[in-house]
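Here, each number is a calculation from the coordinates, and none is a lab measurement. As the structure is a computational prediction, the values presented were derived from the model and not from experiment. Quick reminder, even Gly has a Cβ in these numbers, built from the backbone with ideal geometry, and neighbours come from all protein chains shown.
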Amino acid sequence: MMKQLPRVSAVVLILTLLAGCASSGFSTSSSHSKADDWTLCAAKGGFALGIPAAVFDLATGGVAFIAGALFGGVACAAADNGMAVVNFPLDSAALSKQQKEFLNTVASELKPGMTVEVTGHTCDLGSQGYNQSLSLKRAAAVKAYLMKKGVKKHQIKTFAKGETMPAVDNTTEENRSKNRRAEIRIVDKK
């Protein structure tokens, strides 16, 4: 069984990593969540490595599928740099039910010694001063919800960037909607 494993080429391993990275970057603005992305990354990685291995040897196909899933999930996490994005509607800092469910997961994964950095952003519609204030409200909404779920105040740092750091250019409404966001990054101080 182990004799068949070296037949899996470097090309297949590269495909595994690419498959894992292909769907990185999760958002909670739709029915899509962090878990969905990582699951999808792992599935793609598993298929990218598992199917070619199964062609060589049915017995190693399952082992390769698991290895591919692990590689895919790790590649996805590395590409995301541990950051999640919560998108907001125009001129709003209100969290949806779905975003709150995602933040429940964030709160449950936090351990002592970890901090959460929340950075609010806006699109370019509105004055610079208004957008700065709105981005602060978005970061504050995330912080307040996390504190409601038991995260200690000293574990959450908030930042407001207004319209100064768009994720994408503000040339279309679709792009503007991507810039109406709060970025959430978990930092392990250990």
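At full extension, Asn104 and Asn170 could sit 20.7 nm farther apart than now, given 0.36 nm per residue minus the alpha carbon distance. Principal axis extents of the C-alpha atoms in the stretch 83-188 (largest first, rounded to whole Å): 41, 24, 20. Extension gain, Phe159-Met114: 0.36 nm per intervening residue step, less the Cα-Cα distance, totals 14.5 nm. Computed from point charges on the beta carbon alone (+1 for Lys and Arg, -1 for Asp and Glu), the dipole magnitude for the stretch 83-188 about its Cα centre is near 580 Debye. Take the Cβ atoms of Ser92 and Asp188, set R0 to 30 Å, and the FRET efficiency comes out at 0.45.
Pairs with C-alpha atoms separated by more than 20 Å, drawn from the list Lys97/Lys153; Lys111/Lys157; Lys152/Lys178, are Lys97/Lys153; Lys152/Lys178.
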